[in-house]
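This report concerns only the one structure given below.
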């Protein structure tokens, strides 16, 4: 009979030794297990932040038609548009702006009022290039003027939304660009995530939320909104004349801005897109001081979708009235 050389675990001493070793192993997790737990926890936290506070909190359906995500209303993402334009991260959009025959500048109110079929149809016959260069955060000449000086646009006409555009207030995005040394790297990171956002949300729609988002066309600058739209519809009104002591200062800033535009003043169209408490009196005073006409149709029954920006139906009505009023001026400048 062959000899049995395996340890005798039936004895009390051997069994006790085995139990002690097993308990010691269980009490002291291996370094690899610790690392795996830490990595999984970090990945979970990172994924949660992306989904509920980052780019994946917004829908990804707006990239079609050669557009980029300009703004996602999530605290961990927010504005991309300012950095994209300032740092040249969207060269195709900047090139389209520089080569446009008519350039529109101003705030998000201008963007949402003119980003529709009325505008595109007006420029389709005859075919004329235009670019909507409005920005969020009520952006003004502090950001736009140096940007245009770098772009050197070839536009034959400019349309300017006067609504506090001639101002020297520094917007939050501009402050971030000016003061934060890592601003460029942060905007590059936002651009990187857009490359994943579209494909992943198309493949797995559940990955993306429905926060309010704005997409900008690289071709003509038009905005397209997506996700949950704020429901705060209010009627458009004209506000009282306020801050009149500041108006001469705004006029001086306007004079500086207009002097640097490479077009005759007759090819500068001033307007103000209506909103709640529209600063129409202020805009009219600035236009008079500049010796220019304010072309801003006054229509009844216009409403906003969020207390600030025209809803789609009102935007279509107002933009049609604007081009009817300003069309001959723009055509003359384009012909020249």
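Structural remarks
- Each peptide among 151-157, 103-109, 285-291, 232-238 gets the average number of other Cβ atoms lying within 10 Å of its residues, and from highest to lowest they stand as 103-109, 151-157, 285-291, 232-238.
- The residues 249, 176, when put in order of fewest to most other Cβ atoms within 10 Å, stand as 249, 176.
- Cα-projected label distance for residue 120 with residue 170, points at 7 Å along beta-carbon direction, nm: 3.9
- As a rough footprinting exposure proxy, the listed residues 190, 266, 260 were ranked by other beta carbons within 10 Å of their own, and the order from fewest upward is 260, 266, 190.
- Neighbour-count order for 264, 101, fewest beta carbons within 10 angstrom listed first: 264, 101
- In nm, spacing of pseudo-spin labels at residue 336 and residue 232 (7 Å Cα→C-beta vector): 4.2
Bear in mind these aren't lab numbers, they're just calculated from the coordinates by the rules spelled out. If you're wondering where the values come from, they're calculated on a predicted model, not measured in any experiment. Reconstructed Cβ throughout: ideal geometry from the backbone, glycine too, with neighbour counts over all protein chains shown.
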